[in-house]
Amino acid sequence: MIRVFAPLAFTLPLFAAFPSSQEALDQVFPGAQITRREHYLTDPQAQQVKALAGTALSGLWTIAYEARLGGKLIGVGFFDTHRVRTLNETVMVAVSAEGRILRVEVVAFREPLEYQAKQPWMKQFEGRELDPELSQKRAIRPLSGATLTAQALTDAARRCLALHQTLYGGASK
Amino acid sequence: MRFTLTTLALVLLAAPAFTQETPAEARLQDLERKIEILSKELETQKTGSILPESGDGAHGGSPAASKVYAIKGGLSIGGYGEFLYQAKEGRRQDGAEGGGTKNLDALRLVLYTGYKFNERIVFNSEVEFEHGGYSDSHPKGEVIVEFAYLDFLLNPSFNVRAGQVLVPMGFINELHEPPAFLGARRPLVERSIIPATWHENGIGIHGDLPGHLSYRTYLLNGLRADEFSAAGIRDGRQAGKEANAQSLAWTGRLDWNPTPGATLGLSFYTGNSNQSGHGEPIRTTLIEAHGEWRWRGLQARGLYAQTRLSAPGVAALNAEDPAREVGTQQWGGYLEVGYDLLQGSRQALIPYARYERLNTQAQVIAAVTPNLANDTMAFTLGVSYKPIPNTALKMDYQKLENKARTGRNQFNLALGFYF
């Protein structure tokens with residue numbers, strides 16, 4: 001059986017070839033100028049992010065990828081790394097200038113793949129803003145069999161929206 | 001991370017002592033450049049993904065070569081456990097007093113271990129200690145491999161799995177971490193009709209299909225009919241232990257997720273359970289349908305399963321063999337609903353109810369009289385409290401009745417966790 005399928009393995013696309021960070025940004029901000037910007041949060045800013053997100057912040061050092069078209073800031077991409085069970089995943093959360101999620105995309109997933117959320121489930125985040133509806137008990141439907149993944153992704157979405165609101169005032173300038 | 005950055009910055013700031021001949025402006029630019037390089041390096045390590053090559057500028061379509069599979073390989077560990085207290089009432093359904101029983105069990109402690117050899121070949125396993133594990137002085141316990149397989153990941157729609165696998169039927173058999181289901185005890189239907197946890201040796205394929213569909217199908221060693229009983233096919237499982245594979249079986253499952261939170265699915269199992277290699281075949285076929293709906297704190301699921309065994313094969317078993325009492329038709333189903341009362345909180349408090357009906361001897365061969373105690377109804381009412389999603393404390397009361405009127409109600413308390 002292995003002899004039969006092994007050659008196939010090298011001709012078919014990868015099961016889970018995640019986009020790189022650059023590809024994820026290109027897909028959500030096509031044609032935009034991307035600028036990497038580091039933010040060092042002050043303690044009050046960190047407290048604000050935590051309060052808005054309702055979940056912990058991993059540190060004060062945050063990278064934002066600002067996307068501009070014609071010089072105008074059209075959105076920001078954040079990369080959030082968090083633990084799922086015992087291992088990490090990293091997702092890009094792209095936020096529009098108006099403070100709504102444009103896309104959530106997995107760029108690294110270290111747990112077994114059966115715990116990974118599929119794209120149709122991830123689409124629930126698109127268009128969401130930072131409000132009480134962004135919760136698994138409200139607008140976000142739970143993910144059967146991958147509860148911890150669903151919770152981690154919901155937390156990441158809230159955290160990135162809170163960062164956007166704190167660093168860019170909700171509506172990007 | 002902050003400590004590392006600070007240390008690196010201090011080292012770099014000390015550098016001017018050795019490069020006094022460089023103009024201050026140039027040194028500052030050099031330091032900024034080095035800090036930016038280190039910052040990107042740290043970001044790459046933290047996220048595990050390749051970052052944009054340039055700090056700014058337009059990015060066109062990236063070459064396919066830039067695709068990376070971020071998991072380089074290695075060990076993955078998970079697990080779950082559950083402790084169960086059961087207090088059965090002494091009074092039977094017919095009013096007879098039989099004396100109550102109370103039991104406190106370290107029901108399960110499970111370790112998942114996986115290893116990713118490369119991006120295409122992954123090992124995954126579950127080793128379970130039941131009832132506190134096994135020792136010579138406590139032989140009721142068990143240490144057992146519940147699954148251990150290699151996945152050959154070829155394509156989202158076509159992947160190969162081989163080893164000891166979980167039979168892909170129902171809800172509980174594949175997803176049985178205690179916080180993932182309501183009820184201190186698993187549903188009776190998914191114990192007696194679908195004999196969870198049901199795992200056998202085999203090989204098969206799995207994947208996702210267009211239209212929000214996913215499937216799994218395997219060829220397995222079959223059940224052993226000579227271990228069947230009036231209680232069902234449960235004891236016929238071979239669990240991968242030097243499994244007799246004279247007769248193979250085929251199982252499969254198809255799930256449809258039309259929208260997040262909704263699942264509709266079907267599954268089946270069919271095979272000859274006569275493992276003697278001769279004599280009348282005992283065709284054993286299970287079919288099952290399930291549905292689940294989760295929406296805003298509400299979770300509801302339903303399942304129906306039925307089993308058919310070929311009567312001539314069962315009748316051909318040795319006249320003294322208790323396996324002849326197995327139902328040639330068995331069926332069961334349940335409906336379950338729960339609602340999370342703590343809407344504004346990360347904690348969960350979920351009152352739930354479950355109604356079950358099952359009969360493991362709905363039909364039997366002519367020479368056997370069915371035991372009416374196997375025609376069962378169970379109604380469960382309880383509450384699950386989850387301080388975090390990984391842990392659950394569940395408490396319920398079960399009304400258990402059967403046609404023989406020997407049912408005894410019971411109170412259950414369970415503590416479960418997973419990681």
B:Ser157 passes all but one of (1) within 23 Å of B:Leu213 (Cα to Cα); (2) within 15 Å of the chain's Cα centre (by Cα); which number fails?
-> (2)
(1) within 14 Å of another protein chain (Cβ to nearest Cβ); (2) out of contact with any Pro (no Cβ under 9 Å at 6 or more places or on another chain); (3) among the acidic types (Asp, Glu) all hold for B:Glu336 apart from (2)
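Just for segment A:57-70: of the residues that are free of Cβ contacts under 8 Å to residues at least 24 places away in the same chain and part of a loop (DSSP other than H, G, I, E, B), which one is surrounded by the most Cβ atoms within 10 Å (Cβ to Cβ)?
So the first thing to find is which residues in segment A:57-70 are free of Cβ contacts under 8 Å to residues at least 24 places away in the same chain, and the list is A:59-61, A:70.
Among the residues that remain, those that are also part of a loop (DSSP other than H, G, I, E, B) are: A:59-60, A:70.
Numbers: A:Gly59: 12, A:Leu60: 15, A:Gly70: 7.
Among those that are free of Cβ contacts under 8 Å to residues at least 24 places away in the same chain and part of a loop (DSSP other than H, G, I, E, B), it is A:Leu60.
Take B:Asn118 and tell me if it is open to solvent by 30 Å² or more (accessible area, probe 1.4 Å) and out of contact with any helix residue (DSSP H, G or I) (no Cβ under 7 Å at 6 or more places or on another chain). Let's see the steps before the verdict.
Details: open to solvent by 30 Å² or more (accessible area, probe 1.4 Å): yes; out of contact with any helix residue (DSSP H, G or I) (no Cβ under 7 Å at 6 or more places or on another chain): yes.
Considered against the rule, which asks whether it is open to solvent by 30 Å² or more (accessible area, probe 1.4 Å) and out of contact with any helix residue (DSSP H, G or I) (no Cβ under 7 Å at 6 or more places or on another chain), B:Asn118 comes out as yes.
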Within segment A:71-93, how many residues are aliphatic (A, V, I, L, M), surrounded by fewer than 24 Cβ atoms within 10 Å (Cβ to Cβ) and within 19 Å of A:Gln165 (Cβ to Cβ)?
-> 2
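When only residues in segment A:117-165 that are in contact (Cβ under 8 Å) with a residue 40 or more places away in the chain and small (Gly, Ala, Ser) count, which is surrounded by the most Cβ atoms within 10 Å (Cβ to Cβ)?
As a first pass, look at segment A:117-165 and keep what is in contact (Cβ under 8 Å) with a residue 40 or more places away in the chain: A:130, A:148-149, A:152-153, A:155-165.
Filter once more, keeping what is small (Gly, Ala, Ser): A:152, A:156-157, A:162.
Details: A:Ala152: 24, A:Ala156: 24, A:Ala157: 26, A:Ala162: 20.
If we take residues in segment A:117-165 being in contact (Cβ under 8 Å) with a residue 40 or more places away in the chain and small (Gly, Ala, Ser), then A:Ala157 is surrounded by the most Cβ atoms within 10 Å (Cβ to Cβ).
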Residues that are within 13 Å of chain B (Cβ to nearest Cβ) and of a type in the set (A, V, I, L, M, F, W, C), drawn from segment A:126-144 = A:Leu134, A:Ala139, A:Ile140, A:Leu143
Going by the structure shown, is B:Leu400 touching a Gly at 6+ places or on another chain (Cβ under 6 Å), among the hydrophobic types (A, V, I, L, M, F, W, C) and either open to solvent by less than 70 Å² (accessible area, probe 1.4 Å) or at positive phi (or both)?
-> yes
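The values are calculated or read from the model by the stated rules, or taken from the named source; none is laboratory data. What you see is a predicted model, and the numbers here were worked out from it, not measured in a lab. All Cβ positions, even for glycine, are placed from backbone atoms using ideal geometry, and neighbour counts span all protein chains on display. Just the protein is used for accessible areas: all its heavy atoms, side chains included, with ligands, DNA and RNA removed. Shrake-Rupley method; radii C 1.70, N 1.55, O 1.52, S 1.80 Å.
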